[in-house]
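The structure appears right after this line, and notes come after that.
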Amino acid sequence: MCSPVRVRGDLPRRADLVIIGGGVVGAATAFFASRAGLKPLLVEARPALCTLTTPRATGAFRLQFDNREELEMVRESVDLFLDFREVTGQDDYDLGVRQQGYLWLTTREDRVERQRRLVGQQHGWGLTDVELLSGDEVRRRFPYVGPGVIQGRFRAADGFLDTVQLTLGLAEASNAEVVLGTPVTEVRVRRGKLRAIVSRDTAVSTRRAVVACGPLSGLVAGVAGVDLPIKALRRQKLVMPVVPEVPQDAPMTIDEDTGTHWRPAMAGAWLLCTDPKTLPSPPSWDVPADRDFGLELLDPTSPVAAARIVPFWREVWERGESNWYVEAGQYAMTPDHRPLIGPTKVEGLYVNTGYSGHGIMGSPAGSRILVDVLTGRLRADENPFRVDRQFVEREVDLL
């Protein structure tokens, strides 16, 4: 793999713009900052870019949202994904985009009407390629789906991509300088204005910095006296490298009743489940994985078993497939599950975080918004994701 950016061994004395965090959000921020004529310095606490939450993500994108703001934001990101090499001007990194769709399934009568209303809304927002399918039509097109499913909604243009390639491609295209192994230990503020960021005993004088370090963003902003409405939520992924039963052309397949979902990956699948009862946990570099999570998704007697709507997962369980493991990361959650993008109470200190599980698909467009706010191209009241907005709690959507 190519070196993504110009890595330097030490911090400079001054910087035009400091971006704290070397995951996908930090890389996207650097890319759009560079396009706006700024000279970004990307500071990452770990010894390499893209090694914390970004590579733990599902690596998927969709436009099937329940609100127009996120739909439009992700639509802009998807345009970048589909024309990645042309937009970034680099050809070292390939996203490997596979538009295999998102298929949401239900076995419950009360959710049938909810799906109908949502698809009607999406059509009204211009997303007219979302299909509402009867249970029989679902099984005709996706024969692996079980008889209990009574309805589904499907959009064929949703899909998957490589999150590491996305991050490194954006970082390379930004032409940013990168300093690795450099945790920010102090943010110097004088008279309410940002003056410098400090790593251990080295200070970088700057008047502009962006906190873009996912679930750790609250800790970093807190060093500057900024209290962000953000919590870290553990998110686990069951990795099964080889599962012959999984159709490799299958869409993301979601049990909308339980939150369990899976997608083809490698020669097998990744399986996940969204439990709205999961409690926040302290932000961490080392999030413990629970092997029992894998058993909950594979054991057909579990209420969240993948076999509940897709029978071949019972076969996987019965033949005793043991080649699997669980990875864990954290989501940066906000009260309304939408990102925090824009200035804080400290003049010159901005945040780009809190994507609540939608960081891969939202960060390119969100970073463009952040840079437009920072450069004055977008007024604060035109930014629906500003930090000081009124939060209205919504139903959890962690897919």
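In table form, for the structure just shown:
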{"read-out": "Residue within region 224-247 that is over 22 Å from the mean Cα position of the chain (by Cα), small (Gly, Ala, Ser) and assigned to a loop (DSSP other than H, G, I, E, B) present", "value": "yes"}
{"read-out": "Scope region 47-63; condition among the hydrophobic types (A, V, I, L, M, F, W, C), in a loop (DSSP other than H, G, I, E, B) and within 10 Å of the chain's Cα centre (by Cα); matching residues", "value": "ALA57"}
{"read-out": "Single residue of region 200-232 satisfying the filter (in contact with a strand residue (DSSP E or B) (Cβ under 7 Å, 6 or more places away or on another chain) and of a type in the set (Ser, Thr, Tyr)) that is nearest to GLY21 (Cα to Cα)", "value": "SER217"}
{"read-out": "Output for region 274-288, where each listed residue is over 20 Å from ASP110 (Cβ atoms), surrounded by fewer than 18 Cβ atoms within 10 Å (Cβ to Cβ) and not charged (D, E, K, R)", "value": "THR278, LEU279, PRO280, SER281, PRO282, SER284, TRP285, PRO288"}
{"read-out": "Selection count where residues are in contact (Cβ under 8 Å) with a residue 24 or more places away in the chain, farther than 17 Å from MET266 by Cβ and assigned to a helix (DSSP H, G or I), scope region 314-329", "value": "1"}
{"read-out": "Some residue of region 11-26 being surrounded by fewer than 21 Cβ atoms within 10 Å (Cβ to Cβ) and of a type in the set (A, V, I, L, M)", "value": "yes"}
{"read-out": "Residue match in region 127-137 (condition: within 23 Å of SER356 (Cβ to Cβ), at pLDDT 95 or above and touching a strand residue (DSSP E or B) at 6+ places or on another chain (Cβ under 9 Å))", "value": "yes"}
{"read-out": "Residue in region 1-16 that is closer than 17 Å to TYR93 by Cα, among the polar types (S, T, N, Q) and more than 17 Å from the chain's Cα centre (by Cα) present", "value": "yes"}
{"read-out": "Complete set of residues in region 300-322 that are among the charged types (D, E, K, R) and either closer than 19 Å to ARG234 by Cβ or buried (at least 17 other Cβ atoms within 10 Å of the Cβ) (or both)", "value": "ARG308, ARG314, GLU321"}
{"read-out": "Residue ID - surrounded by the most Cβ atoms within 10 Å (Cβ to Cβ), chosen from residues in region 185-215 that are under 25 Å from the mean Cα position of the chain (by Cα) and closer than 24 Å to SER34 by Cα", "value": "VAL211"}
{"read-out": "Index of the failed condition, GLY354 passing every other in (1) under 23 Å from ALA33 (Cα atoms); (2) in contact with a Pro (Cβ under 8 Å, 6 or more places away or on another chain); (3) surrounded by fewer than 21 Cβ atoms within 10 Å (Cβ to Cβ)", "value": "(3)"}
{"read-out": "Residue satisfying all of: in region 340-399; β-branched (Val, Ile, Thr) and outside the structural domain of GLY21 (by TED's automatic domain parsing); farthest from the chain's Cα centre (by Cα) among these", "value": "VAL392"}
{"read-out": "Where LEU295 falls short, out of the listed (1) farther than 26 Å from VAL220 by Cβ; (2) hydrophobic (A, V, I, L, M, F, W, C); (3) in contact with a helix residue (DSSP H, G or I) (Cβ under 7 Å, 6 or more places away or on another chain); (4) free of Cβ contacts under 8 Å to residues at least 12 places away in the same chain", "value": "(3)"}
{"read-out": "Matching residues in region 367-386 - criterion: being in contact with a Phe, Trp or Tyr (Cβ under 7 Å, 6 or more places away or on another chain) and either free of Cβ contacts under 8 Å to residues at least 60 places away in the same chain or among the small types (Gly, Ala, Ser) (or both)", "value": "SER367"}
{"read-out": "Complete set of residues in region 346-384 that are hydroxyl-bearing (Ser, Thr, Tyr) and part of a helix (DSSP H, G or I)", "value": "SER363, SER367"}
{"read-out": "Tally, over region 258-273, of residues that are surrounded by fewer than 19 Cβ atoms within 10 Å (Cβ to Cβ) and in a loop (DSSP other than H, G, I, E, B)", "value": "2"}
{"read-out": "Number of positions in region 69-82 that are closer than 19 Å to ALA156 by Cβ and either free of Cβ contacts under 8 Å to residues at least 12 places away in the same chain or of a type in the set (A, V, I, L, M, F, W, C) (or both)", "value": "6"}
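The values are calculated or read from the model by the stated rules, or taken from the named source; none is laboratory data. Every value quoted in this text rests on a predicted model; they were computed, and no experiment measured them. In this analysis, Cβ positions are derived from the backbone assuming ideal geometry, glycine residues included, and neighbour counts consider all displayed protein chains.
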